[in-house]
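So the structure is just underneath, and the comments pick up after that.
Derivation of every value follows stated rules applied to the coordinates shown; laboratory data play no part. Computed from a predicted structure; not experimentally measured. Using ideal geometry, Cβ is built from the backbone for each residue, glycine included, and neighbour counts are taken over all protein chains shown.
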Amino acid sequence: MATATLTKEELQSYWLNGYVLKRGLIDAETIETLRDRFRDVTRGAIPPAKGMLVMRDVLVAKGKVEATTPEAEIAKIQDFAEDPVFFGYVKDDRILDVVESIIGPDIQTLHTMLINKPPNVDGRHPLHQDLVYFGFRPADKIVAAQTALGPMTRENGCLSVVPGSHDRGLIDHETLPWEGANAGYWGAKGVGAHPDRVHVELEPGDTLFFHPVLLHGSGRNRSQGFRRAISGHYVSAECVRTWATPDEGKRQFTLVRGRAHDHAPPPADVVPPAIPIDRDTFSALRDRESRRG
């Protein structure tokens, strides 16, 4: 098992390239427990935790692809702060030790997600920057951790990254005109496949830590198996929020290490930069969610 700290060289590599890979960080028993939990949630053996979103793949939802198992219907599970097994990964000291070395000792969750890429669907997510989804700043105090729950290869749609792109600023994003594009899977405008992208193949337990401005994405699953990974986005509790999400009341920002910091609430009238939604549409989404309570 890998150590849960970054060497000086690894930390330098993170700031130079925008990511660092820790091989074998999470043990096989923990990986199997997470896989079992995913199966139990998707098959209905246990109910989804409070606030958890279980999202079907768009092609399955449209009837374009017939799922042969309950697991084959699902594109992702997110917002699982109330699930003790999934959130156990987010709070794992092996993950938090690396996160602390990057963003400091006061750590809260920003987003939690398990990506499931079944065979026969599209499942692509074009190169994008995660900061477009988040209102916390500064960006250098945010980091993602993604751990493979099974082999992640070029054939089944592993992550690809563009080294050094985290230093080039936030790019405007757009919605792609793909029938199989899942909701919210935006792409950075004008980037395309990018000649400098690097495919990051992972084995179960390998964990990639990456900067929120790093261009990254994933391809189609061309295998007959699944491609699965669990991830947590973390933010320093020192960060301030520059805009509020439409579903503000549902966000699950949880302190997982260190101490909390007091901040003013985010402004309610700011439209996020770089998103492919205009002010009127964004305001309408925010108003709709506030009425739902």
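Here are the numbers for this structure:
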quantity	calculated
Net length gained if the chain between Gln12 and Phe253 were fully extended (0.36 nm per residue, minus Cα distance)	83.9 nm
Cα-based reach from Lys62 at 12 Å (exclusive), listing aspartates and glutamates while leaving out same-chain residues under 8 positions away	Glu73, Glu179
Most mobile listed residue (Ser231, Ser165, Ser101) in the chain, GNM with C-alpha springs under 10 Å	Ser101
Label zone at Ala193 (point 7 Å along Cα-to-Cβ), backbone N below 17 Å, region 140-179	154-163
For the chain, Kirkwood radius (reciprocal of mean inverse C-alpha pair distance, Å)	19.5
Ranked by how many other beta carbons lie within 10 Å on average, peptides 114-122, 20-28 from highest	114-122, 20-28
For region 1-61 and region 210-286, distance of Cα centres in Å	17
Set of lysines with alpha-carbon distance to Lys64 below 19 Å, sequence-local pairs under 8 removed	Lys76, Lys117
Length gained when the stretch Ala284-Asp172 is fully extended (0.36 nm per residue, less Cα-Cα span)	38.2 nm
Packing-based order for 259-265, 234-240, using average beta carbon neighbours within 10 Å, highest first	234-240, 259-265
Cleavage-rule hits (GluC sites (Glu not before Pro)) in region 29-111: DSSP loop, at most 14 neighbouring Cβ within 10 angstrom	Glu66, Glu82
Gained length - Glu203 relative to Asp40, 0.36 nm times residue gap less alpha-carbon distance	56.4 nm
Efficiency of FRET between His261 and Asp97 - r from beta-carbon atoms, R0 22 angstrom, step 0.05	0.60
